[in-house]
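Enquirer: Quick one: the structure is below, questions incoming.
The values are calculated or read from the model by the stated rules, or taken from the named source; none is laboratory data. Keep in mind it's a predicted model, so treat the numbers as computed, not measured. Cβ placement follows ideal geometry from the backbone for every residue including glycine, while neighbour counts extend to all protein chains displayed. For the accessible areas, the whole protein counts, side chains as well, though only heavy atoms, and no ligand, DNA or RNA atoms are used. Shrake-Rupley method; radii C 1.70, N 1.55, O 1.52, S 1.80 Å.
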Amino acid sequence: MSLLRRRILKDRVLGKTMLVLTVLSLLALLIMAAGLLYKSSDILAVHSLKDLLGSTEWSPLSGRFGFLSFILSSVYVTLLSVVLAVPVAILTALYLTERAHPLVKKIIFPVLDILAGIPSVVYGLWGTLIVVPWIADTLGPHFVDYTSGYTLLAGGIVLAIMIVPLLVSLFVELFSIIPRDLKEASASLGATRWQISRSIVLRKAAPGIIAAVVLAVSKAFGETLAVLMVCGNMVGVPHSLFDGAYPLPALIANNYGEMLSLPMYESALMFAALVLFVIILLFNALSRVVLQNVEKKFKL
């Protein structure tokens, strides 16, 4: 067999292999969704989606399963963590790529890797020992009459600290690949460092920033242990930052394996997992549409 034919054969084999792996990945996603739907079929046969998703009443002993408060708690905690983490991560990444001394980079980058690898339970313990008492004793009394500290705010702060290392690492990679010619051309026209960072670096990296935020949101939305330890796990829609919250992952982790002898309880928890799966899937699909529009808008 000639060298050209061997190369063509290798190219075809690799192409078919990548196609098979791609199909298997999509198949695994469909199998996961089908399994969760099947395990949720019992509760879906008894209660309508409107009752399950639109009600806040949670009383398994009475057969009432309202998931609205858990869904809203998950959304609120995730959005709060992103609001807190993204500005810090962007400014930190800009400093590391545009202003920091090489010695500072050598110190900070390993620290970021260490922080990103710390188990979530450690962040949860840190939040329990530091963040919760700070909210209960120092911050909370300025805004409410009483708070235990196990609040929506505590969950948002802990989650934000968890995703900051990931975001900073991703943003540094994005900002580092911005062509130097664009920065030098802007500087030659009299632009300041901040103007270059704002109008060149952030503009050029906008699609990547959105993709990184989507990844961070997916991670934060499915986080379990850290949130479970600091949010209070109180059933009900949180109306302020100082109210307790009960996200979907915490609901599943707290109750799966316990009280499954109750009718519909296991099916209800599987439905909670299905809701979590669908929300993350829809969020990622929507973010892809937004990302395509941003790429067109910010294309230089």
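Enquirer: What does the highest-first list of 227-234, 275-282 look like by mean Cβ count within 10 Å?
Expert: 227-234, 275-282
Enquirer: Here's a follow-up. Ignoring ligands, DNA and RNA, what percent of the 1.4 Å accessible area of the chain is carbon and sulfur? Before the final figure, lay out the partial values.
Expert: Numbers: 11510 of 17150 Å².
On the chain, the fraction of accessible area on carbon and sulfur atoms equals 67 percent.
Enquirer: May I pose another question? What would the Debye equation give as log₁₀ I(q)/I(0) for the chain at q = 0.10, 0.14 Å⁻¹, counting only Cα atoms as equal point scatterers?
Expert: Once normalised to I(0) and log-transformed, intensities are -0.72, -1.14.
Enquirer: Where in the stretch 159-173 does the amide nitrogen come within less than 12 Å of the point 7 Å from the Cα of K105, taken along Cα to Cβ?
Expert: Backbone N within reach: 172-173.
Enquirer: Would you kindly state how much longer the chain becomes between R288 and V23 on full extension, computed as 0.36 nm times their sequence separation minus their alpha carbon distance, in nm to one decimal?
Expert: Numbers: separation 265, 0.36 × 265 = 95.40 nm, distance 1.97 nm.
My answer for the length gained is 93.4 nm.
Enquirer: Out of A285, A206, P249, whose Cα points farthest toward the positive end of the dipole of the stretch 154-288 (charges: +1 Lys, Arg; -1 Asp, Glu; placed on Cβ)?
Expert: Among A285, A206, P249, the one farthest towards the positive end of the dipole of the stretch 154-288 is A206.
Enquirer: Taking 30 Å as the cut-off for C-alpha to C-alpha distance, list the pairs among K50/K219; K16/K204; K105/K183 that go past it.
Expert: On the way: K50/K219 28 Å; K16/K204 35 Å; K105/K183 20 Å.
Over 30 Å Cα-Cα: K16/K204.
Enquirer: Have a look at G155, G236, G117 and tell me which one the Gaussian network model of the chain (Cα, springs below 10 Å) gives the largest fluctuation.
Expert: It is G117.
Enquirer: Which loop-located trypsin sites (Lys or Arg not before Pro) does the stretch 79-173 contain, where loop means any DSSP state but H, G, I, E or B and the Cβ has at most 15 other Cβ atoms within 10 Å?
Expert: Sparse-neighbourhood loop trypsin sites (Lys or Arg not before Pro): R99.
Enquirer: I would also like to ask the following. At 222 nm, what helix-only mean residue ellipticity would the chain give, in deg cm²/dmol to the nearest 500, using -39500 (n - 2.57) for each DSSP H run of four or more?
Expert: -22500 deg cm²/dmol
Enquirer: Would you mind checking the tilt of helix 265-297 against the longest principal axis of the Cα atoms of the chain, expressed as 0 to 90 degrees and rounded to 10?
Expert: 30
Enquirer: Within 10 Å, at most 14 other Cβ atoms, and a DSSP state outside H, G, I, E, B define an exposed site. Report the longest part of the chain free of exposed GluC sites (Glu not before Pro).
Expert: Details: sites that count: E57, E258.
Answer from the scan: 58-257.
Enquirer: Mind giving me the nanometre distance, one decimal, between the label points for E184 and I114, set 7 Å out from Cα along Cα→Cβ?
Expert: About 3.7 nm separates the two model spin labels.
Enquirer: Please give the length that would be gained between R64 and R7 if that part of the chain were fully extended, namely 0.36 nm times their separation in residues minus their C-alpha to C-alpha distance (nm, one decimal).
Expert: Contour length minus Cα-Cα distance gives 14.2 nm.
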